């Protein structure tokens with residue numbers, strides 16, 4: 001069973017063991033970069049499968065301040081990653097689907113969730129689409145790794 005929870009001290013060791021393929025690191029960063037990126041507006045979360053940490057992601061509650069395509073009641077999904085040894089099992093899609101009830105319960109002030117996914121990362125785009133996101137607008141061209149699709153979904 002796939003579950004989402006906010007990061008806590010007991011997760012740190014497992015997060016540090018998460019590995020991504022070299023071509024994925026440029027999109028999501030390393031586990032150490034993820035751990036060090038927490039702030040008041042960047043909330044870190046883990047993805048668990050049957051109780052074991054298999055991935056991580058960030059929720060950016062100030063996303064709309066930095067991306068004009070995101071409305072004020074929009075939340076940002078960033079650095080979504082599943083360990084390479086766990087990829088190809090449908091866990092990414094299950095985690096995206098599990099995200100919506102989690103957001104409704106823990107981030108009820110937000111009505112939308114937005115993300116950008118690199119055009120060179122078609123597997124991630126398909127995962128987000130299967131999980132409930134839609135390609136929303138023109139491409140975002142401000143990313144460090146090239147053009148990105150803007151995707152969004154209603155939280156309710």
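Bear in mind that the values in this text are calculations on the coordinates, not laboratory data. Since we're looking at a predicted model, the values are computed, not measured. Quick reminder, even Gly has a Cβ in these numbers, built from the backbone with ideal geometry, and neighbours come from all protein chains shown.
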Computed over the chain, Cα set: Rg, Dmax in Å: 14.3, 40
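Within the stretch 2-114, what percent of beta bridges assigned by DSSP are antiparallel, to the nearest 5?
On the way: 18 of 21 bridges.
Taking every DSSP beta bridge with both residues in the stretch 2-114, the antiparallel ones total about 85 percent.
If you stretched the chain out fully between residue 1 and residue 23, how much longer would it get, using 0.36 nm times the residue separation minus the C-alpha to C-alpha distance? Intermediate values should be presented prior to the final figure.
Values: separation 22, 0.36 × 22 = 7.92 nm, distance 2.78 nm.
5.1 nm is the gain from fully extending residue 1 to residue 23.
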Normalised by the residues of the stretch 2-114, what does the relative contact order come to in percent, with Cα pairs under 8 Å and at least six apart? 28
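Quick check on the exposure proxy: order 58, 6 from fewest to most C-beta atoms within 10 angstrom. Can you show the working numbers first?
Details: 58 23, 6 12.
Ascending number of Cβ neighbours within 10 Å: 6, 58.
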Under 20 Å from a point placed 7 Å out from the Cα of residue 145 along the Cα-to-Cβ direction: which residues of the stretch 103-121 have their backbone N that close? 114-121
The stretch 110-132 and the stretch 57-94: distance between their alpha carbon centers, rounded to Å: 8
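Return the FRET efficiency for the residue pair residue 136, residue 9: r is the Cβ-Cβ distance, R0 is 25 Å, and the value is rounded to the nearest 0.05.
Computed FRET efficiency for residue 136 and residue 9: 0.10.
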For a quick check, take a GNM of the chain with Cα springs below 10 Å and name the residue from 66, 121, 111 with the largest mean-square fluctuation. 66
